[in-house]
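All remarks here apply to the structure that follows.
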Amino acid sequence: MNSHHAQRRALIAGLGPTLTALSVWALSASAQAQDAGYFYGGVSLGESRARIDQERITAGLLGAGLNTTAFTRDERGQAYRLFGGYQMTRNFALEAGYFDLGKFGYSASTAPAGTLDGQIRLQGGSLDLVGSWPLTERFSLIGRVGAQAARARDNFSGSGAVAVLNPNPSKREVNVKVGAGLQYEINRSFLIRGEAERYRVNDAVGNHGGVNVLSVSLVFPFGRAPAPAPRVAAAPVYVVPAPPPAPEPAPVVVLAPPPMAEPVRPAPLPVAPAPRRVAFSAESLFGFDQSTIKPEGRAALDTFAAETRGAKFDVITVEGHTDRLGTPAYNQKLSVQRAEAVKAYLISVGGFASAQVRAVGKGEAEPTTKAQVCKGDKASAQLIACLQPDRRVEIEVKGTR
């Protein structure tokens, strides 16, 4: 009799942890179901900040023969975003929205007297995957990654000595955006977020950069089920069991090996495009013994920039060349000045990034004429005309993608 009572007590003690585990699992599964499968909407307000590239702008003005005497910039703007999403699981949601990152601008004063004013506005739409990780009952850590299509609209105006060739460039481009922050659940129908986000954008004149946004968001779930009421498990009723049969051997569970993942095959390497080289005669770009670009020279460089702007390339090399008339030192200095002037024009007016363009002076080291054809050393009209092909600026475009 005592042995039967001992067996009953052992069985009751074994059932206690099992019932507790089942209750916890049921409550957890219910909470997971309550936090998934609902739509939400919201609005976000905050401050945006961009970086105005003063070095590139002043270099462009210098290439046009203008010195910058004063420069002011406005790198802060007011940003807002309207969004809606679907909470797929407790930890992941898909969110789409419309954003306005605000306006940024600058103003430059020049000598000879003139002003250049520039302004950019960025607007577009986004699609993000939003992840949330609970820290407490109400606080959660959130992170997001997604794609955004931003439209950059620029407005340039000049006065005095400053002339603007394209006053209203515009560009739409798809780029990535990322963000992180904290979320606080005030109640089941109202949440508040604080986030930091970074948008990668194209400024519509050939340069990429980032805009940082600090914002506060109000989130309103739709049709979210109320939180489950806490459950109190009833005390189990124990029935005196029949004497247990002899224990059977425990089954042996054999785990199948996990399926092998498909090997990741590397993507084929892109074939580098062939370099492109364009030559301009010095007379078409500059006045005699000068390094300031003439109006007809600017038109030729504008055509080159328009043909190249849509191509994939890594670097543009500008080479200045002279004929053999004059001293080698003077010719070297003049070739460098002319190459630097063309580089500055391509950056400021052509819209190329400063890191993509470099200037080199070759002096008289690489003539295209032959000494036996263009004879003599005195600067006669006949010899100057014969050496004309040596006085040139060559632009080479190289790419690796």
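The values are calculated or read from the model by the stated rules, or taken from the named source; none is laboratory data. Quick caveat: nothing in here was measured; it's all calculated off a predicted structure. Glycine also receives a Cβ, built like all others from the backbone with ideal geometry; neighbour counts cover every protein chain displayed. Surface areas here come from the heavy atoms of the whole protein model, side chains and all, with no ligands, DNA or RNA. Shrake-Rupley method; radii C 1.70, N 1.55, O 1.52, S 1.80 Å.
Roughly how many whole Å is it from the C-alpha centroid of the range 76-113 to that of the range 340-359?
29
Which aspartates and glutamates have a Cα lying under 14 Å from the Cα of K398, excluding residues fewer than 8 positions away in the same chain?
List returned: D314, E319.
Say the cut-off is 23 Å between C-alpha atoms; which of K294/K343; K312/K333; K294/K375; K171/K312; K312/K343 go over it?
Those over the limit are K312/K333; K294/K375.
Starting from 0 in steps of 5 Å, tell me what percent of the Cα-Cα pairs of the range 101-190 lands in each bin.
3, 12, 14, 13, 11, 10, 10, 8, 7, 5, 4, 3, 1, 0
Ignoring ligands, DNA and RNA, what accessible area per residue does the range 149-201 give at 1.4 Å, in Å²?
That works out to 54 Å² for each residue.
Express the accessible area of the range 43-145 per residue in Å², computed with a 1.4 Å probe while the remaining protein chains stay in the model.
Averaged over the residues of the range 43-145, the accessible area is 50 Å².
What are the ³J(HN,Hα) values, in whole Hz, obtained from phi via the Karplus relation 6.51 cos²θ - 1.76 cosθ + 1.60 with θ = phi - 60°, for each residue of the range 383-391 in sequence order, with x given for Gly and Pro?
Along the range 383-391, the couplings run 5, 4, 5, 5, 8, 4, x, 6, 8 Hz.
Largest first, how would F286, F222, F71 line up by accessible area (1.4 Å probe)?
Ranked list, largest accessible area first: F222, F71, F286.
Using a 1.4 Å probe and ignoring any ligands, DNA or RNA, find the accessible area of S109 and quote it in Å² to the nearest 10.
Approximately 40 Å² for this residue.
Considering amide H positions built from the backbone, and no H for Pro or chain starts, which residues 5 or more places from A150, or on another chain, come under 5 Å of its amide H?
Sorted by chain and number, the residues that satisfy this are E173, N175.
So if I place +1 on the C-beta of Lys and Arg and -1 on the C-beta of Asp and Glu, and nothing else carries charge, what would the dipole magnitude of the range 332-401 be about its Cα centre? I want it in debye, nearest 20.
The dipole magnitude comes to about 60 debye.
Could you work out what % of the accessible surface of the range 292-401 is carbon and sulfur, using a 1.4 angstrom probe and leaving DNA, RNA and ligands out of the count?
55
Points 7 angstrom from Cα along the Cβ direction at N166 and A225: gap in nanometres?
Here the modelled spin labels are 5.6 nm apart.
Mind giving me the FRET efficiency for A371 and E296? R0 is 41 Å, r the Cβ-Cβ distance, nearest 0.05 is fine.
Here the calculated transfer efficiency is 0.85.
Just how much of T368 is accessible, in Å², when a 1.4 Å probe is used and the result is rounded to the nearest 10?
In the full protein context, T368 sits at about 70 Å².
How large a share of the accessible area of the range 113-171, in percent, is made up of carbon and sulfur atoms when the probe is 1.4 Å and the other protein chains stay in place?
56
With a point put 7 Å past each Cα toward its Cβ, work out how far F39 is from V145 in nm, to one decimal.
It is 2.8 nm.
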